Amino acid sequence: MRLTDAEQAMLDGREGPAKQKAMDLLVRYGEALGAERLVDTNNVCTTVGASTPFLRDFAAKAGGLDAVFSEFNLDSPEAVKIPHAKAFTCQLIQGLDPDHWQEQGVSPEVHALHGRNEAFSADIGIQMLNTCTPYQVGNVPVKGEHCAWMESSAVVYCNSVLGARTNTEGRESTGAAMLTGKIPDWGLHRAENRFGSHVVEVELDVESIMDWGLLGYHLGEVVQEGVPVLKRQGRVPDLSRLKHFGAAAATSGGVEMYHIPGVTPEADSVAGALGGRRPQATLKYGAAERARAYAELNANAKDTKVDFVMLGCPHSSLEQVWHACKLLEGKRIHANSHLWIFAPRAIREVADRNRYTRIITDAGARLMSDTCPALGQVMPPGVRVAATDSAKQSHYLPSIMGVQTWFGSTEDCIQAAITGRWQGELR
Ligand code: F3S
């Protein structure tokens, strides 16, 4: 890999041991990938600290968050002092909601650890957006901008909808990018890798959030790490629909980018999205494919008595919170069920001021932020059967939390929370 003089200086340790370790990591990582150089980035999304479940024990033994960052963000068993971030860096989700941690079943010790995480993050200049959807709350990179983002649902949105450039990075590479402002130039940073690989002829109207989730879940399974190009008619999908589509495709497969000609910024036409190349395959998506995806997402749910409904995976937009309020206003959640809606912290602040939080709370539901059931492993006690409008959450809840999970529309989910019964179906 060819380094600039400034990069070589960091590798030689002239900017301190943490940046030396970060640059060493990026060179090893880049060489393993066949990258020939690094690119500059000033937009990093990472996760720092130890409030997520798998790191709590390590934090307790290691005795400090510099040690956690060294081991898990820099791949260094030797603990070094972490300096201020060089690149603009945002925090993804955490292990708990600091305003609802007791309801989430989090211990006082973990809550205290979370407080120390936040103080540590603030000291090193991390922006505490605390969401998997940074693009909903102010981190909106422009077309062509090089980023270093974790979180598959955010990555696919960043590449496809915004036209910015990132691979699905890990905690280590984003930690190194944060300190150096560099990331290896490979994969989706390079224009030649951003063209479509599969054409998908969509024969149905895909309109609701549930339907975009089903389309994404099906396509992820079929194209795996390909770049699908959708040929379709119908209404232009909004942020929430594209968010659910990409999240689902990145869950059942490894989709990091897609094109919708006339909608996404690197696709003026199908031919343009393909870059003049022949597609690997042309697929169709019709009623049979839609029904199969719905059946797969509901495959492990048998019991119709629903204990827990989760909305907001990926985290809800303000419009989704507003929509949920309209469905909940004047209603009451069933005594044996819970409804938790997740949104970015900043959107919850607006919801508070718009009295949406009050409507949700009066219905017996909760508006939460900062975390989610699958990754934070937070859930009401005793849940056996969950329901969600998210293909991604429906995919992960059975394996991570061991609960039966129904998948359906937002309306079916809220109805399940009100009646305590799952009555959803593919309409
Ligand atoms: Fe976000 Fe958790 Fe879903 S991190 S994308 S709400 S699994």
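Spatial offset of the stretch 356-376 relative to the stretch 150-172 amounts to 26 Å, using the alpha carbon center of each.
Amide H contacts of W406 (H built 1.01 Å from N, in plane; Pro and chain starts excluded): A386, A387, T388 sit under 5 Å, all sequence-distant by 5 or more or on other chains. Rounded, prolate or oblate: which fits the stretch 5-189 when a ≥ b ≥ c are the square roots of the eigenvalues of the alpha-carbon gyration tensor, with rounded for a/c under 1.5 and prolate only if a/b beats b/c? Because a/c hits 1.5 or more and a/b fails to exceed b/c, the stretch 5-189 counts as oblate. Straight-line cross-link partners of K392 among the lysines, defined as a Cα under 27 Å from its Cα and at least 8 positions apart when in the same chain: K143, K231, K243, K284, K302, K305, K326.
For the chain, the square roots of the Cα gyration tensor eigenvalues, ordered a ≥ b ≥ c, give a/c of at least 1.5 with a/b no greater than b/c, which places it in the oblate category. DSSP beta bridges confined to the stretch 5-189 are antiparallel in about 25 percent of cases.
Using bins of 10 Å that start at zero, the share of Cα-Cα pairs per bin across the stretch 1-61 amounts to 19, 37, 29, 15, 0, in whole %.
Using the alpha-carbon positions of the stretch 299-419, Rg (one decimal) and Dmax (whole number) come out as 13.1, 40 Å.
Sorting H395, H244 by solvent-accessible area of protein heavy atoms yields H395, H244, largest first, with a 1.4 Å probe. Working from Cα pairs under 8 Å separated by at least six residues, relative contact order for the chain is 16 percent. Going by a ≥ b ≥ c, the root eigenvalues of the Cα gyration tensor, does the stretch 270-317 fall in the rounded group (a/c under 1.5), the prolate group (a/b larger than b/c) or the oblate group? Since a/c reaches 1.5 but b/c is at least a/b, the shape of the stretch 270-317 is classed as oblate. Placing a label point 7 Å from the Cα of E145 along the Cα-to-Cβ direction, the residues of the stretch 53-91 whose backbone N falls under 18 Å from that point are 85-91.
Among the protein heavy atoms, those of H111 account for about 60 Å² of accessible surface (1.4 Å probe, every chain in place). Within the stretch 1-18, what residues put their amide N at less than 18 Å from the label point 7 Å along the Cα-to-Cβ vector of E36? So the set is 1-5.
Quick one: longest stretch of the chain between exposed loop GluC sites (Glu not before Pro), exposed meaning at most 13 other C-beta atoms within 10 Å and loop per DSSP? Result, exposed sites excluded: 79-206. With helices as the sole contributors, the chain gives -12000 deg cm²/dmol at 222 nm; each DSSP H run of n ≥ 4 counts as -39500 (n - 2.57), and the sum is divided by every residue.
The values are calculated or read from the model by the stated rules, or taken from the named source; none is laboratory data. Small disclaimer: the values here were computed from a predicted structure and weren't measured. FYI the Cβ positions are ideal-geometry reconstructions off the backbone, even for glycines, and counts take in every protein chain you see. Just so you know, the surface numbers come from the protein's heavy atoms only, side chains and all, with ligands and any DNA or RNA stripped out. Shrake-Rupley method; radii C 1.70, N 1.55, O 1.52, S 1.80 Å.
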